[in-house]
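Notes to accompany the following structure.
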Amino acid sequence: MSRQPEVLWAQRSDKVYLTVSVPDARDISVKCEADGRFTFSAVGVNGDPFNFTLQLYGNISPQGCKTKTGLRNILCCILKEPKGWWKRLLKSEGKPAPYIKVDWNKWCDEDDEESDSNLASDDDTVFTGENEESSDDEGMLYLPDLEKARDFDLDHNVVRNVMSSNICAAAKSEAIVQEDQQEIGSDELMNLMEMNGAKLR
């Protein structure tokens, strides 16, 4: 029995983005028809078939349908024909199926399209034509920012090292004081600490 994968969508004035969640997918088939009919099918890692068909809000360009396959999902870029902002993803006015959700990571309002810089342009993203798969693994989407994570870990390592150094220094000082207490009297110890500007805690 076929299953329906999670589908995230976002749009620009000239295109629609569909991100289909099928990890380690194979036998991927994507078909775009001019009247807005979008068909997807693939086989999951355990051999489970996934497929769905969407009747999109407006017409599209079959030649402008491109895909990028990653380890976790398939990103489909669909060219609108003509350009324009759609009121919704599907042609029907009813509530969409539960597996279709808004992609807030790519979402952009109409007024913010020109200033939007969160999503890389198609020039920076390697897409392939309809029914073709990309051979690289750069399609892994929604992964954490590894550089920021590494910087965060480095900052905490620095703090941890400084704290460790301070604790070791305090421990050594206490050991020295205890050793001196055995060799000199308490009055002499207090005088020595006052001369060196030390403070008891």
Using 1/(1 + (r/R0)^6) with R0 = 25 angstrom and r between the beta carbons of Asp109 and Met1, what's the FRET efficiency to the nearest 0.05? 0.05
As a footprinting exposure proxy, order Ile74, Ile100, Ile60 by other Cβ within 10 Å, with the fewest listed first. Ile100, Ile60, Ile74
Can you give me the distance in nm between label points at Ser61 and Trp85, each placed 7 Å from the Cα along the Cα-to-Cβ direction? 2.2
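None of the figures in this text is laboratory data; all of them are computed from the coordinates on show. All figures in this text were calculated on a predicted structure; none of them were measured in a lab. Note that each Cβ is placed from the backbone with ideal geometry, even for glycine, and that neighbours are counted across all protein chains shown.
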